[in-house]
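Trainee: I'd like to ask you about the structure that follows.
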Amino acid sequence: MSNIKYILGSFGDPDEMMHGIEKLQENNIKIHDVYTPMPIHGIEAKLGIKRSRLDILAFFCGITGTMSAFALIYLTSVVDWKHNIGGKPALALPDFIPIMFEVTILFCAFSLVGAYYASTHLFPGRAPRVMDLRATDDRFIIAIDAKENAEHSKIDGLLKDAGALEIKHNERKYISYE
C-alpha cells in the first residue's frame with residue numbers, strides 16, 4: 001500500500017496542459033484539479049466545473065438590502081419620528097432611493113466577499129496552500145487523485161506523452177508555506 005495521494009503533471013505550456021487533460025479524460029482518468037498561474041479560457045467546461053451561483057446570492061442579498069433600508073427609513077422617519085418638513089409627505093419615496101441604493105450595494109458587497117471566502121477557503125490570515133509552488137509562477141499543474149486511479153504507470157505515460165515536463169507523486173495534499 002503506497003502513501004501517494006496525488007500524481008502531479010507539470011506543464012510549461014497551457015496548450016500542452018489542455019492536451020494532457022484531453023488524453024486523461026479519453027482514458028477515463030478522473031482529474032482532481034488543475035492549477036495555473038493565469039486564467040485559461042474554457043478550462044471550466046473541459047473539467048466539468050459548474051457555473052458559479054454567486055449572481056443568485058447577489059440578487060437575494062440586494063433585495064434584502066433594499067428591503068432592510070426601506071424598513072429602517074420607514075420606521076424611523078414615518079412611524080417613530082414623524083416630522084413635517086416643508087410640507088412634504090412623511091412617506092416621500094424619492095428621498096429614500098439614494099439610501100436604499102447604497103444599502104443594497106453594501107449588502108451585496110459584504111455578502112459576496114464573505115461567500116467567496118467561504119467557498120474558496122481563502123480566509124484572511126490563513127496560510128496559502130498549493131500542490132506545487134511553481135503553479136503560482138510559471139507552471140501548469142494537473143493533479144490526479146492517486147487513490148481513485150490505481151494505474152499510476154499508465155497515468156505517468158499519458159502525462160509524458162502529452163508533454164509534461166515533470167511528474168511528481170505527492171504524499172501530502174498541500175505544500176504549506178508555514
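The values are calculated or read from the model by the stated rules, or taken from the named source; none is laboratory data. Just so we're clear, the structure is a prediction, and the values are computed from it rather than from any experiment. Note that each Cβ is placed from the backbone with ideal geometry, even for glycine, and that neighbours are counted across all protein chains shown. What goes into the accessible areas is simple: the full protein's heavy atoms, side chains included, and nothing from ligands, DNA or RNA. Shrake-Rupley method; radii C 1.70, N 1.55, O 1.52, S 1.80 Å.
Trainee: Suppose only helical runs count, i.e. DSSP H with n ≥ 4. What mean residue ellipticity at 222 nm does that imply for the chain under -39500 (n - 2.57) per run, divided by all residues and rounded to the nearest 500 deg cm²/dmol?
Mentor: -14500 deg cm²/dmol
Trainee: Okay, moving on. Any idea what the relative contact order of the chain is, in percent, if you count C-alpha pairs under 8 Å spaced at least 6 apart?
Mentor: Reported as a whole number, the value is 53 percent.
Trainee: At a probe size of 1.4 Å, how large is the accessible area of Tyr74, to the nearest 10 Å²?
Mentor: 80
Trainee: Residue by residue through region 54-61, which ³J(HN,Hα) values in whole Hz follow from phi under the Karplus form 6.51 cos²θ - 1.76 cosθ + 1.60 (θ = phi - 60°), with glycine and proline marked x?
Mentor: Result, rounded to whole Hz: 5, 5, 5, 4, 4, 4, 5, 5.
Trainee: Keeping every protein chain in place, order Arg139, Arg51, Arg134 by accessible area at 1.4 Å, biggest value first, i.e. largest first.
Mentor: Of Arg139, Arg51, Arg134, the descending order of accessible area is Arg51, Arg134, Arg139.
Trainee: Can you give the accessible area of Glu148 in Å² (nearest 10), computed on protein heavy atoms with a 1.4 Å probe?
Mentor: Rounded to the nearest 10, that gives 110 Å².
Trainee: Assigning unit charges at the beta carbon (Lys, Arg +1; Asp, Glu -1) and nothing else, what dipole magnitude in debye, to the nearest 20, does the chain show about its Cα centre?
Mentor: About 560 debye.
Trainee: A further question follows. Keeping every protein chain in place, order Ser52, Ser77, Ser153 by accessible area at 1.4 Å, biggest value first, i.e. largest first.
Mentor: Solvent-accessible surface, decreasing: Ser153, Ser52, Ser77.
Trainee: Over region 53-120, with the other protein chains present, what is the accessible area per residue in square angstrom, probe 1.4 angstrom?
Mentor: Using a 1.4 Å probe on heavy atoms only, each residue of region 53-120 averages 72 Å².
Trainee: Using amide H atoms built in the peptide plane, which far-off residues or other-chain residues are under 5 Å from Glu166 H to H?
Mentor: The answer is Ser10.
Trainee: Taking the full set of protein chains and a 1.4 angstrom probe, give the accessible area of Thr64 in square angstrom, rounded to the nearest 10.
Mentor: 70
Trainee: Please state the relative contact order of region 53-120 as a whole percent: Cα pairs under 8 Å, 6+ residues apart?
Mentor: Working: 48 pairs, mean separation 34.7, N = 68.
Relative CO of region 53-120 lands at 51 percent.
Trainee: Ignoring any ligand, DNA or RNA, what whole percent of the accessible area of region 21-178 comes from carbon and sulfur when the probe is 1.4 angstrom?
Mentor: Values: 6590 of 10740 Å².
Looking at region 21-178 in its full context, I get 61 percent from C and S.
Trainee: Now for a different question. For mean projected area of the Cα convex hull in nm², pick the label among (i) 14.5; (ii) 9.5; (iii) 15.0 that corresponds to the value derived from the coordinates.
Mentor: Computed from the coordinates, mean projected area of the Cα convex hull in nm² corresponds to (iii).
Trainee: Next up: What lysines does Lys50 reach when the alpha-carbon gap must be under 27 Å and sequence neighbours fewer than 8 apart in one chain are set aside?
Mentor: Within the straight-line cut-off, Lys50 pairs with Lys5, Lys23, Lys30, Lys147, Lys173.
Trainee: Among His19, Phe101, Ala69, whose Cα sits farthest toward the positive end of the charge dipole of the chain (+1 at Cβ of Lys/Arg, -1 at Cβ of Asp/Glu, about the Cα centre)?
Mentor: Ala69
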